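Peer 1: Once you've had a glance at the structure underneath, I'll fire off some questions.
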């Protein structure tokens, strides 16, 4: 319990700054801030573009999932704080990724390349039916199912980031992928601490 309180203290500090600068790690300390004004360099490849396009969709769905926590009564304050920190971080990341794609003259949505998802290990998105079912649950049942779904969702984000680290070329996109890998791993650890059975 003491560990959970330490983690939440770091989250509250993050959420209170209002900048959405980075997700907390498993130790409660923020990772490197997400650059909010710096543009990405012009050097990039197809893997960079695909990563940003897929990560935008992944982040948008992640925000949709954590918003469910705020809508439910009786959830632990620690879990609500974690959800708020995740929402702020992923929205900031998405803004940067959209700006980089715009600067490169690339669309926010991916191509119809049938091999794209294969190369990235799937699209990283959670089945909409699971989210619809989750939205109808409450109390402990909601907490347990939220943890199951969101842990899997963040693991998918880590997989996308690892592919970018291996195949990408743009230094800013690769740095973002590293932050995503680190922050999602920390978030999963925190969820497992806050929700029994994880």
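Peer 1: Ignoring solvent entirely, what values of log10 I(q)/I(0) come out of the Debye formula for the range 48-198 at 0.08 Å⁻¹ when each Cα is a single scatterer?
Peer 2: Debye curve over Cα of the range 48-198, log10 I(q)/I(0) at q = 0.08 Å⁻¹: -0.22.
Peer 1: To continue, here is another question. By how many nm would the segment from residue 42 to residue 125 lengthen if fully extended, with 0.36 nm per residue of separation less the alpha-carbon distance?
Peer 2: 27.1 nm
Peer 1: Put a dot 7 Å past each Cα toward the Cβ at residue 67 and residue 192; how far apart are the dots in nm?
Peer 2: 2.9
Peer 1: OK, next. Per 0.36 nm of contour for each residue apart, how much would the distance between residue 132 and residue 108 grow if the chain were fully extended, relative to their Cα-Cα spacing?
Peer 2: Gain in length upon complete extension: 6.1 nm.
Peer 1: Using a Förster radius of 22 Å, what is the FRET efficiency between residue 178 and residue 144 based on their Cβ-Cβ separation? Nearest 0.05, please.
Peer 2: Once the sixth-power term is evaluated, E becomes 0.10.
A short reminder: the numbers here are calculations on the coordinates, not readings from a lab. Keep in mind that this is a model prediction, so the values were computed, not measured. All Cβ positions, glycine included, derive from the backbone under ideal geometry; neighbour counts span all protein chains shown.
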